[in-house]
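The values are calculated or read from the model by the stated rules, or taken from the named source; none is laboratory data. In this text the structure is predicted, and so the values were computed from the model without any measurement. In this analysis, Cβ positions are derived from the backbone assuming ideal geometry, glycine residues included, and neighbour counts consider all displayed protein chains. Side chains included, ligands, DNA and RNA excluded: accessible areas come from the protein's heavy atoms. Shrake-Rupley method; radii C 1.70, N 1.55, O 1.52, S 1.80 Å.
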Amino acid sequence: MLGGAAGEIGYALERGSDAVSGRFDGQSPQWRKEYEAAFDAAQEEVRPQFRKCPACNKWVCSDCWNEDEGLCTDCAPREASYVAQARNQAMRRNIDEAAETAQVWKGKLETRTTVCPECGKPAGNGKFCNNCGAPLNVTKCPSCGAKVAAGLKFCGECGAPMQQKTGRCPKCGYENSPDMKFCGECGAKL
């Protein structure tokens, strides 16, 4: 049986050597002899490391051969590795099922576009406008129009408060003077 298997390997390798030797048509006959001798020696060197599976008739290396069963690992997988593989697949299925039922986001998605105060074009998500490069974290002073960093309570140019106090009553809408603390019409706190 080994002679027949070795013969089949030899035939397959011989066909491979014929295909490879066709690529070297311009070489000398001496070079071809040396090449074929080296190729034959390489075949003989690796031949003991391969076995033919009687179930599927494939040639496999020693790593893919199940010694206990006398078959390749495709036809008879090793028990420990097959159990580990099945356990891993079951774990992946459980994780995927849990991920499918997990609620990751709850709420409404909104999209907002920041408009640059300088050029009036969509500015992007950074600290500066993508179009003109103007800083996006500035506001204009209501008194003098100077640029003031966001979050400051007073203008650095004129000293005016950044939020102008209005006298409009939130309850009735009556226009009071800005210094009043209560509405003159309904008495609501301003």
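Picking from residues in the range 134-173 that are of a type in the set (G, A, S), under 27 Å from G124 (Cβ atoms) and modelled with pLDDT of 80 or more, the one that is most open to solvent (accessible area, probe 1.4 Å) is G156.
When N176 is tested against (1) open to solvent by 70 Å² or more (accessible area, probe 1.4 Å); (2) polar (S, T, N, Q); (3) farther than 30 Å from C53 by Cβ, exactly one condition is not met: (1).
Among the residues of the range 53-93, which ones are under 30 Å from Q43 (Cα atoms) and among the hydrophobic types (A, V, I, L, M, F, W, C)? Break it down into steps so the answer makes sense when it comes.
Quick first cut of the range 53-93, residues under 30 Å from Q43 (Cα atoms) only: 53-78.
Once the filter is applied, which keeps residues that are under 30 Å from Q43 (Cα atoms) and among the hydrophobic types (A, V, I, L, M, F, W, C), the range 53-93 yields C53, A55, C56, W59, V60, C61, C64, W65, L71, C72, C75, A76.
Residues in the range 121-132 that are open to solvent by less than 50 Å² (accessible area, probe 1.4 Å) and under 20 Å from A146 (Cβ atoms): 1 in all.
Restricting to the range 53-111, and then to whatever is of a type in the set (V, I, T) and open to solvent by 60 Å² or more (accessible area, probe 1.4 Å), can you tell me which residue is farthest from the chain's Cα centre (by Cα)? Step through it out loud before you land on a result.
Let us first name the residues in the range 53-111 that are of a type in the set (V, I, T), namely 60, 73, 83, 95, 101, 104, 111.
Retained after the next criterion (residues that are open to solvent by 60 Å² or more (accessible area, probe 1.4 Å)): 83, 95, 101, 104, 111.
Values: V83: 30, I95: 19, T101: 22, V104: 18, T111: 23 Å.
Only one residue tops the list, namely V83.
The one condition from (1) within 30 Å of D74 (Cβ to Cβ); (2) at pLDDT below 60; (3) open to solvent by less than 50 Å² (accessible area, probe 1.4 Å) that R15 does not meet is (3). Within the range 170-190, residues that are free of Cβ contacts under 8 Å to residues at least 12 places away in the same chain reach partners that are in a strand (DSSP E or B) and surrounded by 11 or more Cβ atoms within 10 Å (Cβ to Cβ) with beta carbons closer than 9 Å, at six or more positions or on different chains, in the pairs E175/R168; K189/F182.
Checking the conditions here, which among G156, G126, G184 is part of a loop (DSSP other than H, G, I, E, B), on the phi < 0 side of the Ramachandran plot and in contact with a strand residue (DSSP E or B) (Cβ under 8 Å, 6 or more places away or on another chain)? I'd like the intermediate steps shown before the answer.
On the way: G126 fails: in contact with a strand residue (DSSP E or B) (Cβ under 8 Å, 6 or more places away or on another chain); G184 fails: in contact with a strand residue (DSSP E or B) (Cβ under 8 Å, 6 or more places away or on another chain).
Matching residue, one of G156, G126, G184: G156.
Being of a type in the set (S, T, N, Q), at pLDDT below 90 and in contact with a Lys or Arg (Cβ under 7 Å, 6 or more places away or on another chain), is that true of even one residue in the range 31-48? Within the range 31-48, not a single residue is of a type in the set (S, T, N, Q), at pLDDT below 90 and in contact with a Lys or Arg (Cβ under 7 Å, 6 or more places away or on another chain).
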